[in-house]
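Asks: Got a structure here, written out as structure tokens. Questions coming.
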Amino acid sequence: MKQFTFKQAKRRYQNWFWPMMGIYTAACLGGAYLQRTLETTPDWLPLVMAVGTTLPIFGFLFFLWRYVQETDEFSRLMQLESLAIAGLVTVGAAGLIGFLQLYEAIPTFPVFLLLPCFFFAYGITKAVRGKGACV
Amino acid sequence: MENRLRVLRAEMKWSQADLAEKLGVSRQSINAIETGKYDPSLPLAFAIARLFEQSIEAIFMPEEGVVEAAE
């Protein structure tokens, strides 16, 4: 695999991060707009809207993984720890919410909210770990 | 593991960012190594040693217990 310096890896990541976030935001807003304005929707439209909104997320995750592979070893460790902790928190939260729903303690929970939950936990963990290791 | 990275860097009048740039790593990596919060891999330790034209042992010193255990 080609070797990149930290700066190169970071630039390659950021070159794709912002376009992916832009497409994701546009897809979310576009989907919400279509849902409100269209009175009758063809059967295929919800599927296209759902997949169209999810594709940039997969794109973002791919470029995040590529960054993890290309960045320097210390940054890689920080990234992997943050991703692991965020994954554990999200899985734990999903389990708790699932059982709360099963025992009818809470109404139906929109599953897609687990995605921002994961990225929120990832961001917080990365900030806390980065501060502890680098200041 | 203890190291003399901060001293060597100061002798060269390099900032952490300067050293990070020369090694192709992040400034945070240099900070973490200097403060003993992160031990570099062998390839990075060799790169640091080569940059300062010293042996790895002259820059990185294992803790006493580790040496005794190896003996």
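Asks: Calculated from DSSP H runs of 4 or more alone, at -39500 (n - 2.57) each and per residue, what is the 222 nm mean residue ellipticity of chain B, nearest 500?
Replies: The per-residue figure over chain B is -16500 deg cm²/dmol.
Asks: Please enumerate, by chain and number, the lysines with C-alpha under 21 Å from the C-alpha of A:LYS2, excluding those fewer than 8 residues away in the same chain.
Replies: The qualifying lysines are A:LYS10, B:LYS22.
Asks: Hey, another quick one. List the residues of segment A:64-96 for which accessible area in the full set of protein chains is at least 40 Å² lower than for the chain on its own; 1.4 Å probe, protein heavy atoms only.
Replies: A:ASP72, A:GLU73, A:PHE74
Asks: While we're here: Taking all protein chains in place and a 1.4 Å probe, what share, in percent, of the accessible surface of chain A do carbon and sulfur account for?
Replies: The nonpolar share, carbon plus sulfur, comes to 71 percent.
Asks: On to the next question. Just add up the charged neighbours of B:ILE59: K/R +1, D/E -1, any other residue whose Cβ is under 13 Å from the Cβ of B:ILE59.
Replies: Counting the neighbours of B:ILE59, the net charge comes to -2.
Asks: With solvent modelled as a 1.4 Å probe, how much accessible area in total do chains A and B shield from it at their shared surface, in Å² to the nearest 100?
Replies: 1000
Asks: Can you give the accessible area per residue of segment A:1-71, in Å², using a 1.4 Å probe?
Replies: 72
Asks: For B:LYS13, A:LYS7, A:LYS2, A:LYS126, what's the largest-to-smallest order of accessible area, 1.4 Å probe?
Replies: Sorted descending by solvent-accessible area, the residues read B:LYS13, A:LYS2, A:LYS7, A:LYS126.
Asks: Now a separate question. So how do B:ASP39, A:ASP43 rank on accessible area, 1.4 Å probe, biggest first, that is with the largest at the start?
Replies: Sorted by accessible area, descending: A:ASP43, B:ASP39.
Asks: Return the sequence-ordered ³J(HN,Hα) values of segment A:91-108 in whole Hz as given by the Karplus equation 6.51 cos²θ - 1.76 cosθ + 1.60 applied to θ = phi - 60°, using x for Gly and Pro.
Replies: Using θ = phi - 60°, the values come out as 5, x, 5, 4, x, 4, 4, x, 5, 4, 5, 4, 8, 6, 7, 9, x, 4 Hz.
Asks: Here's a follow-up. Report the local net charge at B:ILE48: Lys and Arg +1, Asp and Glu -1, summed over other residues whose C-beta lies under 13 Å from its C-beta.
Replies: -1
Asks: When Lys and Arg each count +1 and Asp and Glu each count -1, what net charge do the other residues less than 12 Å away from B:ASP39, Cβ to Cβ, add up to?
Replies: -3
The values are calculated or read from the model by the stated rules, or taken from the named source; none is laboratory data. Bear in mind the structure is a predicted one, so any value in this text is a computation, not a measurement. Cβ sites come from the backbone with ideal geometry, for glycine too, and all protein chains shown count toward neighbours. With ligands, DNA and RNA removed, areas are computed over all heavy atoms of the protein, side chains included. Shrake-Rupley method; radii C 1.70, N 1.55, O 1.52, S 1.80 Å.
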